[in-house]
Each structure stands twice: as structure tokens, then as C-alpha cells.
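Enquirer: Before we start, here is the structure in question, set down as C-alpha cells.
Values in this text are rule-based calculations from the coordinates and carry no lab data. Fair warning: this is a prediction, and the values are worked out from it, not measured in the lab. Cβ placement follows ideal geometry from the backbone for every residue including glycine, while neighbour counts extend to all protein chains displayed.
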Amino acid sequence: MIQYGLIGNPLTHSFSAEYFNNKFRNKGIDAVYRLYPLNTLNELHELITRVPELQGLNVTIPFKQTILDFLSTVSPEAEAIGAVNTLLINRNEHGFGLAGFNTDAPAFSAEIEEFAVNCRPQALILGTGGAAAAASYVLGKLNFRLFRVTRGVSDPAKGLISYSDLTEAIMNESGLIVNATPAGMFPSVNQKPELPFEQINESHFIYDMIYNPEETLLMQEGRKRGARVRNGLGMLYRQAELAWEIWQHQARK
């Protein structure tokens with residue numbers, strides 16, 4: 001049986017296996033999708049060797065950026081972003097090669113163009129990982145002015161500001177807030193980014209890439225203050241379908 005899966009750590013929050021296995025069952029596809037938690041990417045070669053039926057993998061935190069060092073080829077968009085969330089496993093008589101793609105970016109783009117209608121073109125992107133890189137890439141193409149927010153020290157040369165740098169002026173001018181961190185993700189549902197929530201109002205759009213739980217504390221805080229909010233479930237579905245297209249295109253060759 002053909003296999004696909006998800007690598008990352010932790011994976012307890014993920015709906016990917018349920019989503020794909022329901023898809024396979026409903027469409028009569030003889031395939032299975034499994035979760036493969038890895039402690040480090042040094043375990044990836046052993047996994048692919050041990051499970052010869054694996055044809056493709058999704059990649060989640062914390063490996064979306066470091067996976068680049070393990071790939072044979074990378075799509076131009078993924079290379080520009082500096083992050084990969086979809087792998088195609090190309091097996092041959094010598095072993096295998098890995099091709100990397102980014103389906104987060106087009107999925108996020110479709111979500112934002114649908115959600116953030118008439119939004120002020122300045123955005124706060126919370127986080128510095130692979131998901132934040134995809135968001136930065138997309139919003140840059142959509143001509144947003146960007147502030148990338150980190151829990152660490154500000155680094156203007158890298159376009160990073162800390163949460164303590166979020167002045168009233170920056171908050172007022174930023175129409176879109178994108179959470180690309182795991183703050184609030186199951187099982188740590190009592191966490192939220194350290195935003196000045198008193199400065200959020202009905203003019204803000206909050207897009208939380210988290211989809212488990214369906215409404216995070218960040219979304220609750222925003223909704224209480226009149227902000228429009230959306231979780232990352234639609235993005236999950238969109239990127240999953242794009243990953244499936246990549247895997248099936250190779251299978252048809």
C-alpha cells in the first residue's frame with residue numbers, strides 16, 4: 001500500500017492523518033497517511049529506508065527550514081521562501097532523492113485574499129519560523145509593509161522587532177496580524193502571543209495559522225475587541241490539496 005505522512009515534533013495537534021485518510025477512504029484510493037514524529041532530521045533517512053512504500057511527506061515545526069539541507073532539489077518558490085512543507089520521495093536503484101516544495105505560501109495567499117478584504121496594507125507577522133517565512137513572502141508580494149515580531153531581541157537589519165517594540169502607532173497602522181507561532185496550539189491552549197491587546201479593535205484582521213483548537217486565546221481576545229478573526233483550518237486544507245497534486249503529478253509520470 002502506498003504511504004504518505006507528516007514529519008515534525010510535536011504532532012499531537014495535527015489533523016493531517018484524519019484529513020488524508022478520510023480522503024483516501026471516500027475516493028477509494030489504496031493509500032494511508034501516518035504521523036512520523038522525529039526528534040531530529042538525522043532520523044529521516046532511516047525512516048524513508050525503513051518504509052519503502054513512502055512516496056511523499058509533509059513537513060511541520062520545527063523542520064520547515066532545516067529540511068533544506070537534506071534535499072536534492074527545491075522548487076523556486078520554496079527556495080525564495082527558505083522553507084519547505086512538502087516532500088516528494090524519488091526512489092531509484094541507488095536509493096532515493098528528496099524534492100522540496102512549499103504549499104503553505106499559495107494556501108495562505110488564497111486565505112488572505114479571501115479574508116483580509118479592505119485591510120490596511122501593513123501587517124504584523126508573529127514568529128520567525130517556516131510558516132512566518134511563507135507569510136512574509138506572500139504578504140510582500142501583496143505589497144504589505146511588514147513587521148516581523150520575535151520573542152527575542154530586535155534586529156532591524158533582519159527586519160525583526162520584539163513584542164516590547166509594538167507601539168500604539170504600529171498597532172494602529174497594522175491592519176493584519178498573522179500568528180505563525182505555536183502559541184495557543186493544542187495542548188498548550190492557555191497560551192497566547194504577548195500582544196498589547198488593549199490596542200486591538202474592530203479595524204484589525206487576525207489570522208491565526210493554528211487550527212487546533214478551532215478558536216485560540218488570540219482569536220478570543222481579538223473577537224472580544226471587535227476584530228475579524230480566522231483560524232488556519234482553511235489553510236491546512238488548501239495546502240494539503242496542493243501537496244496531493246504534487247504527489248499525484250509524480251505518480252502519473
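Enquirer: Taking the 0 to 90 degree range and rounding to the nearest ten, how far is the long axis of helix 130-141 tilted relative to the main principal axis of the chain, both from C-alpha atoms?
Expert: Helix 130-141 sits at roughly 60 degrees to that axis.
Enquirer: Under 18 Å from the Cα of K64, which lysines turn up, not counting those fewer than eight places away in the same chain?
Expert: none
Enquirer: Check each of the GluC sites (Glu not before Pro) in region 93-176 and keep only those in coil by DSSP with at most 11 other C-beta atoms within 10 angstrom; list them in order.
Expert: Answer in residue order: E93.
Enquirer: By how many degrees, between 0 and 90 and to the nearest 10, does the Cα long axis of helix 16-27 differ from the longest principal axis of the chain?
Expert: Compared with the principal axis, the helix lies near 60 degrees.
Enquirer: Given H placed on each backbone N at 1.01 Å, which residues far from I206 in sequence or on other chains put an amide H within less than 5 Å of it?
Expert: I177, R228, V229, R230
Enquirer: Taking the Cα centre of each part, how many Å lie between region 148-200 and region 1-42?
Expert: Centre-to-centre distance over Cα atoms comes out at 31 Å.
Enquirer: Could I ask something else about it? Roughly speaking, what % of Cα-Cα pairs in region 19-62 are separated by over 13 Å, rounded to a whole number?
Expert: Across region 19-62, Cα pairs with separations above 13 Å total 62 percent.
Enquirer: Kindly express, to the nearest 10 degrees and within the range 0 to 90, the angle between helix 233-252's C-alpha long axis and the longest C-alpha principal axis of the chain.
Expert: The angle comes out near 30 degrees.
Enquirer: Can you list the HN-Hα couplings for region 42-57, worked out from phi with the Karplus curve (6.51, -1.76, 1.60; θ = phi - 60°), rounded to whole Hz and with x for Gly and Pro?
Expert: 5, 7, 5, 4, 5, 4, 5, 5, 6, 10, x, 7, 5, 10, x, 9
Enquirer: So, one more: Determine the percent antiparallel among the DSSP beta bridges restricted to region 2-102, to the nearest 5.
Expert: The antiparallel fraction comes to roughly 40 percent.
Enquirer: Further question on the same structure: Do the sum for the chain: with -39,500 (n - 2.57) for every DSSP H run of n ≥ 4, divided by all residues, what is the mean residue ellipticity at 222 nm, to the nearest 500 deg cm²/dmol?
Expert: -9500 deg cm²/dmol
Enquirer: Towards the positive end of the charge dipole of region 121-253, with charges on Cβ (+1 Lys, Arg; -1 Asp, Glu), say which of A169, S203, M185 has the farthest Cα.
Expert: The Cα lying farthest towards the positive end belongs to M185.
Enquirer: OK, next. Dividing the Cα convex hull volume of the chain by residue count, how many Å³ per residue is that?
Expert: Details: hull volume 33.4 nm³, N = 253.
It comes to 132 Å³ per residue, whole-number rounded.
Enquirer: With unit charges on the beta carbons (Lys and Arg positive, Asp and Glu negative) and the dipole taken about the Cα centre of region 1-135, which residue among L35, L98, I125 sits farthest to the positive side?
Expert: L35
Enquirer: Take the chain, connect every pair of alpha-carbon atoms lying under 10 Å apart with a spring to form a Gaussian network, then pick out the residue of Q220, Q55, Q122 with the largest mean-square fluctuation.
Expert: Q220
Enquirer: How high is the relative contact order of the chain, in percent, counting Cα pairs under 8 Å that sit 6 or more residues apart?
Expert: Reported relative contact order: 15 percent.
Enquirer: In debye, nearest 20, what is the charge dipole magnitude of the chain about its Cα centre with +1 on Lys and Arg Cβ and -1 on Asp and Glu Cβ, if you could check?
Expert: 300
Enquirer: For region 105-234, just say rounded, prolate or oblate: build the C-alpha gyration tensor, square-root its eigenvalues into a ≥ b ≥ c, call rounded for a/c under 1.5, and beyond that prolate if a/b exceeds b/c, oblate if not.
Expert: rounded
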